[in-house]
Amino acid sequence: MLTAVKSWPGSVSGKDFEVVLYRARSDDYPKELYEPWYKDPLYRHLDVKSILVYVGGAGMGDIVMINPLFNALKKAWPESRITWIGEYKNSVRCLMEESGLIDDIFCTHVRKHRPSAFPEYAKWWREGRRMSEADLFIDTQRQFVPSLLFSLCFKYKHRIGYSSKCFFSDWKFKEPDRHKVHDTFQSLLMIRRLGIPLPEPLHCLIVPERFETIAQSMWDQYNFGRAVAIFPFSSGPVKDWGRGNYVALGRFFLERGFKVLLFGGPDKMQDLGDMACEIGNGAYVPYLLSGLPIEDELYLCMALLKRSALSLSGDSGGAHLSAALGTNTLVISLLSRVGKFMPLGERVWILSPKMDCSPCPDRNMKACGGERWCAKGITPRILYEAVTLLLAAQEADK
């Protein structure tokens, strides 16, 4: 659910439109759907000591969105052994494994069912023969062929999943208007079907104490004060607002007394360092100051985000991480279906151009022929005004 807070007139190449700042609240399923499942919760009748969970993507945003499901499982069966079945990246280690939400990992990566996936399916068969029977298998994907092959490759007592309208699930359930429901709540519907209460808070994201100490030391040493965290890069260029825009925005912040902290993936550190130099004195890439190995950068990022006044980015994993940590989060939404994939949290705002072709219906930008009117229509000045507006609102709420 999006609630308009303020709008600004925009014009690009003769096209007039509005740029709208929204307060974002994620849509969930109606309570009437799942309330009956809590009257006599199924999970209390199940003896569960081992759980297999098949996941899809392993980008940081994907992992943050599915984190509540694992959090709920651990709270329901704290002594159970949970196996992650899917791609393994450093973010899985930091946000899942070392947070105590998973105990074992079977690394496999199948983007879509196609002939190139058969070597992975052969791995499934071998792993299924090696594993003992699991008490519960949870399938979080909606692809018929992988769901069928799991039935053949793995041994389990109970299974739940929404693939093929619950064809492979031991417990059926409906999903009214699911295309309007946030991806996290779609996954959590399986938890609800078992009668497991949603965890409070939803996310379990743990920063080891030594990184909290390092972050505080850096904060004091460099006098970060009132800092704004910026994630200028996304998984695809079509989602990016533009390097030049972020540089101009960073200068706006410096002129008004803020510090600017730049974050990104391991392959973006050189670009981030160049951007910090362009923005000027007061812009930093914290990782480059830390002396930490790159695999620990994510922990440092999390600790610093918790101290930041605001996090700002396009549709990126950084936006999801910021929102889950409780940081004020402003997302520049150009491409994604906001209601389904936006960051989930109490302090999330969306800035989006109100155009006929926005959000972008095609990653190849055919609607505008590559002109990217949506990105050009959101100027650094508009974005800075949106930031000051929501920060003022936060101060008023205190």
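State yes or no: is T140 among the hydroxyl-bearing types (S, T, Y) and modelled with pLDDT under 95?
no
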List, please: which pairs have Cβ atoms under 8 Å, are six or more places apart or on different chains, and start with a residue in segment 248-276 that is in contact (Cβ under 8 Å) with a residue 12 or more places away in the chain and end with one that is open to solvent by 20 Å² or more (accessible area, probe 1.4 Å) and in a strand (DSSP E or B)? F253/K259; K259/Y284; V260/Y284; L261/Y284; L262/Y284; A276/Y284
Within segment 180-224, can you find the residues that are surrounded by fewer than 13 Cβ atoms within 10 Å (Cβ to Cβ) and over 16 Å from V64 (Cα atoms)? E209, R210, T213, S217, D220, Q221, N223
Matching residues, segment 62-82, being open to solvent by 10 Å² or more (accessible area, probe 1.4 Å) and either touching a Gly at 6+ places or on another chain (Cβ under 8 Å) or of a type outside the set (D, E) (or both): D62, M65, I66, K74, K75, A76, W77, P78, R81
Among A283, A229, A248, the single one that is aliphatic (A, V, I, L, M) and within 24 Å of the chain's Cα centre (by Cα) is A229
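Taking the condition in contact with a helix residue (DSSP H, G or I) (Cβ under 8 Å, 6 or more places away or on another chain) and open to solvent by less than 70 Å² (accessible area, probe 1.4 Å), does S91 pass?
yes
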Filter segment 277-300 for residues that are buried (at least 20 other Cβ atoms within 10 Å of the Cβ) and in contact (Cβ under 8 Å) with a residue 40 or more places away in the chain; which is nearest to N90 (Cα to Cα)? L298
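Considering S147, S163, which residue is in contact with a Lys or Arg (Cβ under 6 Å, 6 or more places away or on another chain) and modelled with pLDDT under 95?
Step by step, each of S147, S163 is checked, and only S163 is in contact with a Lys or Arg (Cβ under 6 Å, 6 or more places away or on another chain) and modelled with pLDDT under 95.
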All positions within segment 255-268 that are surrounded by fewer than 17 Cβ atoms within 10 Å (Cβ to Cβ) and more than 20 Å from the chain's Cα centre (by Cα): E255, R256, G257
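The values are calculated or read from the model by the stated rules, or taken from the named source; none is laboratory data. On a predicted model such as this, the values are computed, not experimentally measured, just so you know. Counting neighbours? That spans all protein chains shown, and the Cβs are built from the backbone with ideal geometry, glycine included. The accessibility values were calculated without ligands, DNA or RNA, using every heavy atom of the protein model including side chains. Shrake-Rupley method; radii C 1.70, N 1.55, O 1.52, S 1.80 Å.
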